[in-house]
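To keep things clear, I will list the structure first and then write my remarks on it.
Every number here is computed from the coordinates shown, using simple stated rules; none is lab data. Small disclaimer: the values here were computed from a predicted structure and weren't measured. Don't worry about glycine lacking a Cβ; one is built from the backbone with ideal geometry, like all the others, and counts go over all protein chains shown.
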Amino acid sequence: MLNTPFPFKRLSGTVSETDSLRVVVFAIADYLFALPVGAVLKVIACPPISSTVESGIGMVDLGAQTITIVDLRQKLIPQLQTQQTHQVSAVDTSGRFLLLTQTRTGELCGIPVDKPPALIDIPLEAVRPVPWSYRQVAELNFVSHMAVLSVAPNEEPLKVLLLGMNQILADKLGLPGATSTLASGLTSCEQRQRFLRFSLGNQGSGLLPFHSVLDIIHVASQDISPAPALPSWILGFYNWQRQMLRLVDLEHLLGYAPLFKRQSRPEKPIVLVVELQNQVVGFLVAQVLDVEWQDLQQAQSAPTDFSPNKLLNFVRGILPGDRWILDTKAIAQTLQWQTH
């Protein structure tokens with residue numbers, strides 16, 4: 001695995017273990033991925049895959065053992081999905097390699113790759129979040145961070161998407177997605193939480209617990225059924241997965257100007273489908289910014305003289321960078337007071 005002609009071999013250098021990630025880099029379609037070196041058990045020639053489904057999940061026989069295959073190439077190349085939707089026979093894997101790893105439950109699984117992988121060290125300073133909008137369009141929701149590596153002065157930097165490294169980045173960086181500097185110490189799992197960050201007002205941003213977000217969609221104004229005799233921040237209802245989803249102008253609820261009355265009103269605003277206190281609601285926001293981990297020990301109390309003052313009724317605290325942690329319980333209670 002180490003003596004391959006893969007071009008990334010030249011990127012390895014003398015980087016200390018505390019300031020770098022040692023990873024196995026491999027190519028799939030036009031993308032470069034990396035797994036932590038400790039997660040890779042073996043790399044072998046890829047045997048025929050006995051069956052696949054549209055999502056790219058398949059099986060392969062290794063001696064007396066049958067293991068699960070996750071074929072990312074089938075997910076990343078649309079034409080392959082069309083060609084193989086109804087294919088359940090053996091898949092041609094000639095010239096490919098199989099990277100063996102384990103799931104969180106310890107089950108052995110394989111990832112077919114196009115070229116022999118290479119072992120490199122990635123400096124922590126090269127790691128950054130993958131933009132949320134790009135992840136949505138490219139269907140890369142399973143990747144939160146990437147490394148941007150300089151190869152030569154006149155060549156375009158290489159972007160390597162990092163897989164299975166959330167905990168490693170949490171340990172190395174402290175706040176993955178929030179900062180690129182080393183943290184002085186680690187915080188407990190209870191204090192470090194994952195949030196969806198979205199625009200709030202002219203400069204700040206709001207944070208909602210990521211586990212409460214069920215979906216992110218675009219909704220045209222003409223698709224919203226009006227809701228008379230309700231507060232102005234309830235815009236109406238939208239048919240989402242065969243249920244009438246109540247749409248709330250979240251910034252207007254928090255005291256800001258209504259989204260649809262602004263000069264730069266979006267044609268198709270973003271709707272965060274969120275589950276709060278056993279109710280599902282759609283929050284209209286102007287822009288989704290990122291998914292990031294935050295250390296709640298850094299939260300400060302919100303200033304009492306902040307404008308709009310109404311916002312203070314719905315926040316738990318404020319984090320560096322003008323990030324407001326929303327109080328989902330307070331928002332849910334306000335929504336429950338309104339009639340459906």
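The value of relative contact order for segment 236-324, using C-alpha pairs under 8 Å at least six residues apart, is 23 percent.
Ranking Phe195, Leu319, Asn239 by Cα position along the charge dipole of segment 192-336, where only Lys, Arg, Asp and Glu carry charges on their C-beta atoms, puts Asn239 farthest toward the positive end.
Nearest 20 debye, what's the magnitude of the dipole of segment 192-336 about its Cα centre given +1 on Lys and Arg Cβ and -1 on Asp and Glu Cβ?
On the way: 13 positive and 12 negative charges, 29 e Å.
Roughly 140 debye for segment 192-336.
A cut-off of 5 Å between modelled amide H atoms, ignoring neighbours fewer than 5 places along the same chain, links Val130 with His145, Met146. Sorted on the mean count of surrounding Cβ atoms within 10 Å across their residues, most packed first, peptides 107-115, 314-322 read 107-115, 314-322. When peptides 299-306, 150-157 are sorted by average Cβ neighbour count within 10 Å, with the highest value leading, the order is 299-306, 150-157. Peptides 220-227, 246-253 ranked from most to least packed, by the mean per-residue count of other Cβ atoms within 10 Å: 246-253, 220-227.
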